[in-house]
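A quick write-up on the structure given underneath.
The values are calculated or read from the model by the stated rules, or taken from the named source; none is laboratory data. All of these numbers come straight from a predicted model, not from anything done at the bench. In this analysis, Cβ positions are derived from the backbone assuming ideal geometry, glycine residues included, and neighbour counts consider all displayed protein chains.
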Amino acid sequence: MRIGNSLSGRLSCWLIVLIGLIFSVTAVLDYSISKDHVLEEARLKIREEVKDAIYEVETLLVGVQKTTDQLGIVLGYSAVTPQLATRLLDDLVEGNRDVIGAAIALDPAFVGNEKGFATYVYRDGQALNRVDLTDRSTQDQSAQDNQTANNNDSQSSHVKQYYQEDWFRIAKETGNAHWSEPYFDTFGAKQPMVTYAVPVYQMTSPMLFEDQNKQFIGVVTGDIALSTLKAYLDQVNVGDSGFVMLASRQGKLISFPDDSFVMKSLKDMYPETDTSGAWQTLYRAFLSGEQGVYRGQCYQSDERCIIGYSPLAVTGWPMAVIIPEEEFIRPILMYLFKVIGLGVFTLILVLIAIRWVTRSVMAPLVDLSRLVGRIGEGDLTTVLPQSTHKDEVARLIDATSNMQNHLKQYIRDLADETALSNRLQGEMDAATRIQMAMLPGEGELFCESRYYQLYARLEPAKSVGGDLYFCHQLDEQRSYFVIGDVSDKGVPAALFMAKTMTILTQLVHKGTSPEILLDELNNVLVQNNDACMFVTLWCGILDHATLRLEYASGGHMAPLFIKGDTELSVVTVFDQENGMALGLMEDMDFPLNHRTLDAGDLIFLYTDGIDEAQNPSREFFGMDRMKSVLAELPQRDAQNAGKAMYQSVKSFAEDALQSDDITIMAIQLPARQPVSNPFLILPVSGESLSVVERCDFSVSMNAVRVLFEFLERYWAEHQITESVAFDIKLAAEELLSNAVKYALLQDSDKIQMIIGHTTDQLFVEFVDQGKAFNPLEEASCVELGMNAEDCAIGGLGVFLVKEVTDHQAYLREGNQNRICFSKFIV
């Protein structure tokens with residue numbers, strides 16, 4: 001068994017990982033603390049190293065200074081001769097192994113000639129050599145020999161007189177002893193050195209300490225080779241990789257491990273990657289005589305070093321001890337590696353111990369796991385082991401046994417629940433199919449006729465929903481369109497929707513006017529509505545010939561509208577007066593709205609599942625997006641409008657759960673067609689009709705009122721004169737009364753009135769489906785003066801119609817009565 005597949009293995013791994021993590025964190029913290037402590041100790045140590053190095057160098061320098069100072073004092077009280085000068089110089093150089101050379105140079109003014117007197121003695125191996133510094137030929141030859149060899153010397157190849165050299169001039173001018181800058185000796189020792197120059201004064205009176213009794217006679221020098229200084233500094237113990245650096249007061253290197261840097265400027269040591277200016281700051285601290293400890297980047301390297309620096313008290317030369325940090329940290333790392341090695345060995349021993357303990361403890365659990373696996377495979381008859389202890393394992397076995405018994409019962413219950421669930425799911429699927437079957441097109445409809453193009457789609461938020469749509473062509477003249485939204489979702493909304501659709505279908509097929517349909521439907525839905533459910537509904541009737549749309553709304557949103565005779569798709573909202581949602585209160589008023597459309601106009605109906613659709617950020621789709629989708633249609637027709645809106649809503653919602661039913665209905669009128677002549681009487685002038693409108697109304701007590709309202713609107717829209725309007729209203733009322741009385745129409749029957757006009761005539765026609773009755777023939781016209789009792793049926797009405805109109809006609813067409821009259825309007 002793999003370690004990762006067993007509890008004991010995982011437990012062992014986790015324990016080792018945690019112990020290892022704790023050990024690692026502890027080691028890192030210990031290393032960090034130890035490192036800081038060691039580096040702080042290093043700062044203190046390097047200060048001591050600097051003091052030791054300074055002591056070594058100053059011991060050398062003080063010895064040379066004393067010897068040279070004594071030589072100057074001796075000369076000040078002696079009569080200087082070449083023999084004396086040579087002997088004294090020999091004694092000085094031979095008696096002091098640290099001095100590589102010495103010189104006695106007298107002032108020409110003191111000697112009394114322009115050439116002066118200057119003798120230089122230097123050590124060449126074991127022998128002493130002498131050079132006359134006044135001999136120009138010797139100097140010229142020495143300068144030529146060393147002109148190319150001395151690349152580090154800043155002196156000019158031009159030969160100076162000895163009294164023009166810095167060591168002589170400075171001593172004479174200042175009257176003080178001084179150490180020179182490092183230079184390459186071209187006359188004697190021919191190697192880099194520094195010179196200690198002492199002014200010599202001859203006393204002229206016993207008052208030895210009075211300045212006015214001293215006469216400057218020359219300079220005595222003592223030279224130290226830079227190699228000698230380096231040898232002294234190499235004796236200073238500054239660790240395995242540390243070293244001592246010595247520079248002049250002007251920043252020239254006197255001693256450095258790399259000989260190529262000797263006599264160069266300290267600036268040449270700047271690290272190439274030093275962009276912080278730390279080394280420039282350190283350089284200024286060196287030359288200003290400061291002392292301290294610097295921790296940062298090493299010279300010419302990316303490593304970090306600790307640099308302790310301090311000036312020499314004797315010369316003021318800055319000295320630095322440089323030790324890499326790695327030398328101090330290396331012991332800590334070695335210790336850390338040992339600790340890590342010991343820790344790894346300890347972890348291995350701990351792992352072995354943990355594995356042995358856990359496997360022995362987990363053995364009963366392994367057996368239980370195997371048996372539980374058999375139970376999981378469906379073998380509920382598996383016999384579990386008996387535990388002799390009362391520990392957690394025993395309790396786990398008891399719990400597993402209880403689980404086994406519960407599983408047996410659960411499986412039995414699950415089988416019953418599954419059967420019930422499948423039956424319910426089947427019933428829900430059937431309910432979905434039944435509900436969709438109640439809708440035209442079963443949820444998605446596209447139809448195209450010569451009167452309009454229509455696209456509708458419904459997608460419930462759950463298996464069943466409460467939205468609905470309906471369309472029905474009543475006859476060749478009219479079509480009915482309905483869209484609605486039931487409150488709530490799911491099964492309750494679906495049942496209320498089914499009830500609404502059933503009643504709605506009956507009312508639509510009867511051709512009920514929209515406002516009456518909503519009133520009757522509302523009164524039915526209110527009955528036994530204990531759940532207080534309601535439905536918002538919009539319904540409209542479109543007259544195919546006149547393109548007049550009559551519509552009413554029971555709490556539903558107004559449709560969107562795009563005019564068909566414009567190139568730009570400007571989306572507007574229908575003006576409508578709203579009624580209350582259906583199903584809440586009886587006998588509510590539902591205002592009738594009307595609007596005359598044009599060919600190509602597009603009407604877009606929807607439910608709130610469109611504009612209130614939400615995306616994962618809880619933003620609503622909104623009216624502005626709806627208008628934008630319709631305005632940007634690549635092809636303006638009902639099907640494209642409906643599908644584009646549906647896809648836009650789905651894309652906007654992304655993966656968000658659909659919160660409400662989505663229903664869309666788009667209706668577009670066909671392109672403009674010539675107005676047909678529906679009248680029995682053709683226009684006398686032969687002109688085409690400019691407008692035709694229809695009005696349907698029920699045979700009831702308010703039929704005359706509906707008739708007059710329609711006619712009055714027509715007069716107002718088309719500017720018909722009052723005298724013509726009065727005659728037409730009178731004739732229309734008489735023909736309507738005859739149809740109601742003598743064609744035996746019932747209250748539920750419909751009468752359609754068609755009205756239109758040309759430039760000089762107005763035409764009115766009534767169509768009903770009552771008993772055949774021609775009042776123009778069956779009702780004899782009366783004469784003036786006759787008794788009313790002697791008049792035939794309808795005689796008075798026919799007489800009145802013929803008097804106020806110019807032409808009349810009747811036709812029995814199928815099961816319809818058609819009676820028409822016309823009147824000149826000019």
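Check 140, 153, 145 and return the single one that is farther than 16 Å from residue 104 by Cα, surrounded by 14 or more Cβ atoms within 10 Å (Cβ to Cβ), of a type in the set (D, E, K, R) and modelled with pLDDT under 55.
None of the others qualify; the one that does is 153.
Check whether at least one residue in segment 397-405 is at pLDDT 70 or above, surrounded by 10 or more Cβ atoms within 10 Å (Cβ to Cβ) and touching a Pro at 6+ places or on another chain (Cβ under 9 Å), and report yes or no.
yes
Among the residues of segment 609-626 satisfying the criterion of being more than 26 Å from residue 486 (Cβ to Cβ) and either buried (at least 16 other Cβ atoms within 10 Å of the Cβ) or not hydroxyl-bearing (Ser, Thr, Tyr) (or both), which is nearest to the chain's Cα centre (by Cα)?
Quick first cut of segment 609-626, residues more than 26 Å from residue 486 (Cβ to Cβ) only: 616-617, 624.
This time we only want the ones that are either buried (at least 16 other Cβ atoms within 10 Å of the Cβ) or not hydroxyl-bearing (Ser, Thr, Tyr) (or both), so: 616, 624.
Numbers: 616: 16, 624: 26 Å.
So, considering only residues that are more than 26 Å from residue 486 (Cβ to Cβ) and either buried (at least 16 other Cβ atoms within 10 Å of the Cβ) or not hydroxyl-bearing (Ser, Thr, Tyr) (or both), the one nearest to the chain's Cα centre (by Cα) is 616.
Would you kindly identify the strands (runs of 3 or more DSSP E) lying entirely within segment 564-625 that contain at least 2 residues that are touching a residue at least 24 places away in the same chain (Cβ under 8 Å)?
Counting at least 2 such residues, we get 593-596, 602-606.
Within the group 681, 755, which residue is more than 30 Å from residue 630 (Cβ to Cβ) and modelled with pLDDT of 80 or more?
Being more than 30 Å from residue 630 (Cβ to Cβ) and modelled with pLDDT of 80 or more holds for just one of 681, 755, which is 755.
Yes/no per residue for (1) of a type in the set (Asp, Glu); (2) more than 26 Å from residue 107 (Cβ to Cβ); (3) touching a helix residue (DSSP H, G or I) at 6+ places or on another chain (Cβ under 8 Å):
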residue	(1), (2), (3)
20	no, yes, yes
43	no, yes, no
46	no, yes, no
83	no, no, no
86	no, no, no
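Can you tell which of 111, 131 is closer than 20 Å to residue 168 by Cα and at pLDDT 85 or above? Walk me through it before giving the result.
Details: 111 fails: at pLDDT 85 or above.
It is 131.
Assess whether residue 771 counts as being over 22 Å from residue 544 (Cα atoms), touching a Leu at 6+ places or on another chain (Cβ under 9 Å), at pLDDT 85 or above and part of a loop (DSSP other than H, G, I, E, B). Even if it seems obvious, please write down each step before you answer.
On the way: over 22 Å from residue 544 (Cα atoms): yes; touching a Leu at 6+ places or on another chain (Cβ under 9 Å): yes; at pLDDT 85 or above: yes; part of a loop (DSSP other than H, G, I, E, B): yes.
Against the criterion (over 22 Å from residue 544 (Cα atoms), touching a Leu at 6+ places or on another chain (Cβ under 9 Å), at pLDDT 85 or above and part of a loop (DSSP other than H, G, I, E, B)), residue 771 qualifies.
On the basis of being free of Cβ contacts under 8 Å to residues at least 24 places away in the same chain, aliphatic (A, V, I, L, M), surrounded by 16 or more Cβ atoms within 10 Å (Cβ to Cβ) and assigned to a helix (DSSP H, G or I), does residue 75 make the cut?
Answer is no for this residue.
Here is a check on your reading of the model: is residue 56 at pLDDT below 80 and either in a helix (DSSP H, G or I) or within 26 Å of residue 312 (Cβ to Cβ) (or both)?
Details: at pLDDT below 80: no; either in a helix (DSSP H, G or I) or within 26 Å of residue 312 (Cβ to Cβ) (or both): yes.
In short, no.
Of the residues 284, 295, which is at pLDDT below 85 and in contact with a strand residue (DSSP E or B) (Cβ under 9 Å, 6 or more places away or on another chain)?
295
Of the conditions (1) assigned to a helix (DSSP H, G or I); (2) in the same structural domain as residue 457 (by TED's automatic domain parsing), residue 408 clears all except one; give me its number.
Against the list (1) assigned to a helix (DSSP H, G or I); (2) in the same structural domain as residue 457 (by TED's automatic domain parsing), residue 408 comes up short only on (2).
How many residues, within segment 487-525, are more than 26 Å from residue 694 (Cβ to Cβ), in contact with a Pro (Cβ under 9 Å, 6 or more places away or on another chain) and crowded, with 18+ Cβ neighbours inside 10 Å?
So the answer is 3.
Considering only segment 637-647, I want to know if a residue exists there that is more than 31 Å from the chain's Cα centre (by Cα), of a type in the set (Phe, Trp, Tyr) and assigned by TED's automatic domain parsing to the domain that holds residue 539. Can you show your working first?
Here is the first cut: in segment 637-647, the residues more than 31 Å from the chain's Cα centre (by Cα) are 637-643.
From the residues that got through so far, the ones that are of a type in the set (Phe, Trp, Tyr) too are none.
No, segment 637-647 has no match at all.
Just give me the residues in segment 28-47 being modelled with pLDDT under 75 and either under 40 Å from the mean Cα position of the chain (by Cα) or of a type in the set (Phe, Trp, Tyr) (or both), in sequence order.
31
Could you tell me which of the residues 432, 418, 382 is of a type in the set (S, T, N, Q) and closer than 24 Å to residue 664 by Cα?
Going through 432, 418, 382 in turn, the sole match is 432.
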